[in-house]
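Below: the structure, in structure tokens.
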Amino acid sequence: MLEGLRKNWRRQETLEQRVFWLILAVVSIVTFASLVLTVFEQINYIAVSLCVLNLVVCVITGFIVKKTSSISTGFLLLIVFLACITLPALFFLCGGIRSAMPYFLLTGPFMSSFIVNRKAKIAGAATSIVVGVSVIVLSWQFPEWVTAPPSETVVYIDIALNYLFFGVALFGVCSYAVRAYMRERRQKDEFMAKLEDLSRRDDLTGLYNRRYFIQYLEDVVWLHRDQFYVAMLDIDGFAQINEKYGKVFGDSVICSVGSQIGRSLNEEFGERAVRFSGETFVCVLKGESEIEAFTKADQIRESVSNMQWGEFPFLHVTVSGGFISCRVGDPYDKRAIVRSVDDLLYAVKTKGVNQIKVFGGRNAY
């Protein structure tokens, strides 16, 4: 039986579903405890019968919800039968405000607060509040309708024990709801963070994509442009690699080169590796000087040229490109850097392979 309950609990996908079953279980337990107290207090057989009816209503409601999967319907059934019929009747039969029954009149508004459907929530809360207030007013205006408790001792025992049951139940349900909400919110935040990260990544290589690079250039690099440099690197003769070894292997070359570039940069330092397009990559470099940043770019070029290609030991893959400091050019035209380094890339491609051209200056081989 316990295993069946665990399986049923795991199948509940939403917070509303789990809270409903938790409340149904708590209501059933508290109703059973009230039944035992009512029998112990020897109030009357009608009150005992109503407590039994409450348990039957809980079972029927659980069965209906299991068949229909309508949580709002389940909550409304509990509110109608418990908060609007049996609990008001028990209020008059168990001593009115001289008993613990005022606690139980709060059951309707409490359960209504967990209904997701807005109309059902308002209907349940409004109906149960009107009924609760009406019951209290009627007991005041017509005190002869209220059955007197057997003794003062029974009154205090009834109030104390039911306060204990009701207090623990409220604390448990509300604590679980808050924990579950925080857990779902944390999972949602993690999921959204993953989606955001995926939107910034290139599908093939896992490096940052072009859209993210442009945004990063505008939001971060340009605020500290004296410290940042951009290198655009393109795989030499990639069309021939595709023709000779096939496009599947060509994609693996792009991935391997991208991984090599990514390993060479320090993201915590603010550097980024980007797949700009096709076989073209961008390195956002950070350094104390142009020489330091250029040296790192050239080391990346050299590390790619030293890569081994397993089943194709004679394959020699190299990259060429341009290098530029972000401090040059128009300070108000942030994308001018991209155009300048792109021009350098195509300029160096006409002069050879496995080299980097610096904006306005030397080449490295």
TODO: Check Trp140 against each of (1) under 17 Å from Phe92 (Cβ atoms); (2) out of contact with any Phe, Trp or Tyr (no Cβ under 9 Å at 6 or more places or on another chain); (3) surrounded by 14 or more Cβ atoms within 10 Å (Cβ to Cβ) and name the one condition it does not meet.
DONE: (3)
Task: Failed item in (1) over 29 Å from the mean Cα position of the chain (by Cα); (2) on the phi > 0 side of the Ramachandran plot; (3) modelled with pLDDT under 85, with Ala100 passing the rest - done: (2)
TODO: Residue by residue through the stretch 22-47, note down the ones that are under 17 Å from Ala89 (Cβ atoms), modelled with pLDDT of 75 or more and surrounded by fewer than 18 Cβ atoms within 10 Å (Cβ to Cβ).
DONE: Ile46
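Find the helices (runs of 4 or more DSSP H) located wholly in the stretch 204-279 whose residues include 1 or more that are in contact with a Gly (Cβ under 7 Å, 6 or more places away or on another chain) and under 19 Å from Asn306 (Cβ atoms), and list them.
Per the criteria, 238-245.
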Open item on the list: Given the options Asp251, Asp298, name the one that is surrounded by fewer than 19 Cβ atoms within 10 Å (Cβ to Cβ), assigned by TED's automatic domain parsing to the domain that holds Ala231 and over 22 Å from Gln227 (Cβ atoms).
Closed with: Asp251
Open item on the list: Whether any residue in the stretch 257-280 is loosely packed, with under 15 Cβ neighbours inside 10 Å, out of contact with any Ser or Thr (no Cβ under 7 Å at 6 or more places or on another chain) and under 12 Å from Ile235 (Cα atoms) is what I want to check.
Closed with: yes
- [ ] Only residues that are closer than 22 Å to Leu24 by Cβ and either of a type in the set (Lys, Arg) or touching a residue at least 40 places away in the same chain (Cβ under 8 Å) (or both): list them for the stretch 119-144, please.
- [x] Lys119, Ala120, Lys121, Ala123, Gly124, Thr127, Ser128, Val131, Gly132
Open item on the list: Val137 - would you say it is among the hydrophobic types (A, V, I, L, M, F, W, C) and more than 38 Å from the chain's Cα centre (by Cα)?
Closed with: yes
Task: Whichever residue in the stretch 287-306 is touching a strand residue (DSSP E or B) at 6+ places or on another chain (Cβ under 8 Å) and of a type in the set (A, V, I, L, M, F, W, C) and, among such residues, is farthest from Lys357 (Cα to Cα) - done: Val304
TODO: Assess whether Lys7 counts as being modelled with pLDDT of 80 or more, charged (D, E, K, R) and assigned to a helix (DSSP H, G or I).
DONE: no
Task: Contacts under 6 angstrom Cβ, first residue in the stretch 145-169 being over 15 Å from Phe32 (Cα atoms) and touching a residue at least 12 places away in the same chain (Cβ under 8 Å), partner part of a helix (DSSP H, G or I) and of a type in the set (Phe, Trp, Tyr), 6 or more apart - done: Trp145/Phe92; Val146/Phe92
Task: Evaluation of Thr205 against (1) assigned by TED's automatic domain parsing to the domain that holds Ile300; (2) at pLDDT 85 or above; (3) surrounded by 15 or more Cβ atoms within 10 Å (Cβ to Cβ) (one fails), failing number - done: (1)
Open item on the list: Can you pull out every residue in the stretch 244-288 that is under 16 Å from Tyr216 (Cβ atoms) and either of a type in the set (Asp, Glu) or without any contact (Cβ under 8 Å) to a residue 40 or more places away in the chain (or both)?
Closed with: Leu265, Asn266, Glu267, Glu268, Phe269, Glu271
- [ ] Only residues in the stretch 342-358 that are assigned to a helix (DSSP H, G or I) count as the first member; pair them with residues that are among the hydroxyl-bearing types (Ser, Thr, Tyr), Cβ under 9 angstrom, at least 6 apart or cross-chain, and list the lot.
- [x] Asp342/Thr280; Leu345/Thr280; Leu345/Ser320; Val348/Ser320; Lys349/Ser320
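The values are calculated or read from the model by the stated rules, or taken from the named source; none is laboratory data. All of these numbers come straight from a predicted model, not from anything done at the bench. Cβ atoms come from the backbone with ideal geometry, glycine included; neighbour counts cover every protein chain shown.
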